[in-house]
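The values are calculated or read from the model by the stated rules, or taken from the named source; none is laboratory data. Because the structure is a prediction, the values reported are computed rather than measured. Don't worry about glycine lacking a Cβ; one is built from the backbone with ideal geometry, like all the others, and counts go over all protein chains shown. These area figures cover heavy atoms from the full protein model, side chains too; ligands, DNA and RNA do not enter into them. Shrake-Rupley method; radii C 1.70, N 1.55, O 1.52, S 1.80 Å.
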Amino acid sequence: MIQAYAQDISKPQPVTYTLPNSYYVDWQIEGQVSPYRVFVSVPDAPAPEEGFPVVYLLDGNAFFSSAAMVSQTLTHERAGGKQPAIIVAVGYPIDGLYDIERRWYDLTPPTPETPKAPLKHMDRFKDIQYGGADALQELLIEQIRPWLAQQYAINEQQQILFGHSLGGLFTLYTLHTRPDAFAAFAAASPSLWWNEGYLKPLLEQQSPKHLKDKPLLMVVGGDEMDFMISDAKLAQQWFTEQGLHSELRELPYMNHGAVSLPALTMALQVLLPEAQPATP
């Protein structure tokens, strides 16, 4: 039998894709050599009466496109029936997914003493700086959010923060230090091991005053290191005792890297508000 092929097959061409209604700006901060890259996706739909919910992502180069597409999908009635949301992702002017050295600084809390060395596989980065989380909070909350509100109708009561790995550590640190800055939090595989568990006693002892019924979703992979899973379970226990409306999901067969995108999808599905019923 002779296999038939089309006669006119072009040479392979690179795939390029433009994400609709999306753009980025490079945001220079005083004292920083290189700017941040802030990615924004705006729904192609009228704003809800209260304004658009806003989802803020860490590691924006890795997660922005997926978040924008998932959020758009979830607006369909049969796929979730969620309100259209603005997606804002903070990343860096790089070609890859992660700027390893900058994220070690931006996503880790300040500490009174020099942090202990990170995991063994990070030893090749000898001059990594830590402790920039407060500055990144300032960028997100005090600079990017007002800038966004000048351009779009946003719902100040529906601001959501998502982070994975060190981004999850940053998310839980923000929950601890600035709980009123966001309406809901999602931490995927949070790196609570960092600096010999520096953040864990702070989370255990935090005051529940501003946390009651604060939505929090944590996700961890079933094939992650045992300490990642046990840390997440322990944190979930503390959060429950403190009155958070918290949930922990453990996804089987998922390792630390693989769990990130399913966790992002779950966060949007769980934390985005339901679409408003159509006016008759």
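Tabulated results
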read-out: Residue, nearest to the chain's Cα centre (by Cα), within region 202-229, restricted to residues that are surrounded by fewer than 14 Cβ atoms within 10 Å (Cβ to Cβ) and of a type in the set (Gly, Ala, Ser); value: Gly222
read-out: Test: Arg103 is at pLDDT below 80, under 22 Å from Leu264 (Cα atoms) and among the charged types (D, E, K, R); value: no
read-out: Residue within region 146-153 that is within 26 Å of Val25 (Cα to Cα), open to solvent by 20 Å² or more (accessible area, probe 1.4 Å) and part of a loop (DSSP other than H, G, I, E, B) present; value: yes
read-out: Filtered residue count, region 121-143, keeping only those that are modelled with pLDDT under 90 and farther than 17 Å from Ser191 by Cβ; value: 3
read-out: Residue count for region 11-65, restricted to those that are open to solvent by 20 Å² or more (accessible area, probe 1.4 Å), in a loop (DSSP other than H, G, I, E, B) and on the phi < 0 side of the Ramachandran plot; value: 25
read-out: Boolean, Ala232 is among the small types (Gly, Ala, Ser), modelled with pLDDT of 95 or more, under 25 Å from Gly60 (Cα atoms) and in a helix (DSSP H, G or I); value: yes
read-out: Residue list for region 241-271, filter: at pLDDT 95 or above, buried (at least 17 other Cβ atoms within 10 Å of the Cβ) and part of a loop (DSSP other than H, G, I, E, B); value: Met254, His256, Val259
read-out: Selected residue (criterion: nearest to the chain's Cα centre (by Cα)) from residues of region 68-101 that are within 16 Å of Gly167 (Cα to Cα) and in a helix (DSSP H, G or I); value: Ile100
